[in-house]
Every structure is written in structure tokens, then in C-alpha cells.
Amino acid sequence: MLDDSEFDALALERSFDRTHLPIRVTTAGTLEDFRSALAERTYDLVFIDYLLPEGDGLEAIEILRASDLNGDTPAVMITNDARYDVAVAAIRNGCLDYISKSGLEPGGVKEIILRALREPGGKPSAPVPRDNMISIIREVLREEIAASREGQDEGLLIRTLAAHGVIPAANGEAHWEELLTEETPTFIFRPQ
């Protein structure tokens, strides 16, 4: 993420955390820091603030596209002041999206991240470590169980989760809620 405002960068990081995706964030506050970060490692997606003290986001896009490691990395331009001319220039220069910082709520951020990873030319995401994947699965199951308890019976929940390919241990004896608390979870996914 390239953003000279520490306040805005922290707000965006909080939105990332609320997506419940396994995200690691590197923040650069200047174009020089951005250039250095791009030379150190590859990234799956870059968020670029348009207004910068020593340049602008369009210049940052040029730096990104010239990067040996990250030249094809998807980028999203963010700004406090949405302008049509800047939006058009950002998209023409290869940005995946152009959005106002006020519109960066977790649902929208998650959608952008997932879209960036699906777009042609986007890099495949790095494999998610097993422990992180188990945490993500547990969180999804907790959300489904909480939603189902609001007026639906548990049988419908079990059929819904089974329809999505999540089933309990091979012997079929495990209770769904045990999948949330077991030390060594036994998730099995069947092909859809």
C-alpha cells in the first residue's frame, strides 16, 4: 500500500483485517519507499493513494509497471477526492479499480482483493498455510451456524454446509460444532 497518510493507511489496514482474509500488508509512505518495496519482494495487489506530497498515484503506477518483480501486479487507486479525469487516467494506466477512501469498507475491500486475484494477468495468490486455512474455515462455519440459529433448524444448516462440500470426519459420527473447537480438525472437502 502506498499512502503518505498514516491515519488513512491504518484505516485501510483495519478494513483488510475485517475481510478475514490472510493478508500481509507492506506500507510505503513515499514514492521512494514504494520503489524500494517493489524491488524487495513480489505482491499480489497494490493499493495506491492518488494524492502524494512529492508526486501522484499516476506516477506511482509508472513506477509499479517499470518494476522487474511487480510490473504486472494489479493495482487499485484510492483517493479522498474522487475525480473523473483521474479515474479515467488510472484505469487507462492499468488500475483494476479507482475508489474513494470513504468507500473502503471491509465488504468492498474483500471483493476488490478477490477480483484482483481472479483477473487475467493477476498473480495467483500464495498458498495459504494450513493453520490459517483452518482458522478461515472455522470462521466461515461460525458465521453459518450463527446465521442458521436465527430461526432455522440445525438440520438445514447441516444440509447447506454439506451442499457446499464441507462434511465431518469420514466416519460421519462427528458433530458439526466439534469442527469449530477440535485441536486437530478433520475437515474433508469433496469436489463440487
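Details
- Where the stretch 1-129 is the region considered: accessible area per residue in Å², 1.4 Å probe: 53
- Sorting 5, 102 by solvent-accessible area of protein heavy atoms yields 102, 5, largest first, with a 1.4 Å probe.
- Note: relative contact order over the stretch 54-99, using C-alpha pairs below 8 Å and six or more positions apart, is 40 percent.
- Accessible area ranking (1.4 Å probe, heavy atoms, ligands and nucleic acids excluded), largest first, for 64, 69: 69, 64.
- Here is the list for the stretch 1-89: GluC sites (Glu not before Pro) lying in DSSP coil, each with at most 13 other C-beta atoms within 10 angstrom of its C-beta, are 54.
- Filtered trypsin sites (Lys or Arg not before Pro), the stretch 72-101: DSSP coil and at most 14 other beta carbons within 10 Å: 83
- Net charge of Cβ neighbours under 9 Å - reference residue 1; Lys, Arg +1; Asp, Glu -1: -3
- For the stretch 22-35, Karplus couplings with θ = phi - 60° (6.51, -1.76, 1.60), whole Hz, Gly/Pro x: x, 10, 10, 10, 10, 10, 10, x, 9, 5, 5, 4, 4, 4
- Counting only protein heavy atoms and a probe of 1.4 Å, the accessible surface of the stretch 1-103 is 48% carbon and sulfur.
- Local net charge near residue 11, Cβ-Cβ under 13 Å (Lys/Arg +1, Asp/Glu -1): -4
The values are calculated or read from the model by the stated rules, or taken from the named source; none is laboratory data. Quick caveat, the model's predicted, so the values are computed rather than measured. So basically every Cβ, Gly included, is an ideal-geometry build from the backbone, and we count neighbours across all protein chains shown. Note: areas computed on protein heavy atoms with side chains; ligands, DNA, RNA excluded. Shrake-Rupley method; radii C 1.70, N 1.55, O 1.52, S 1.80 Å.
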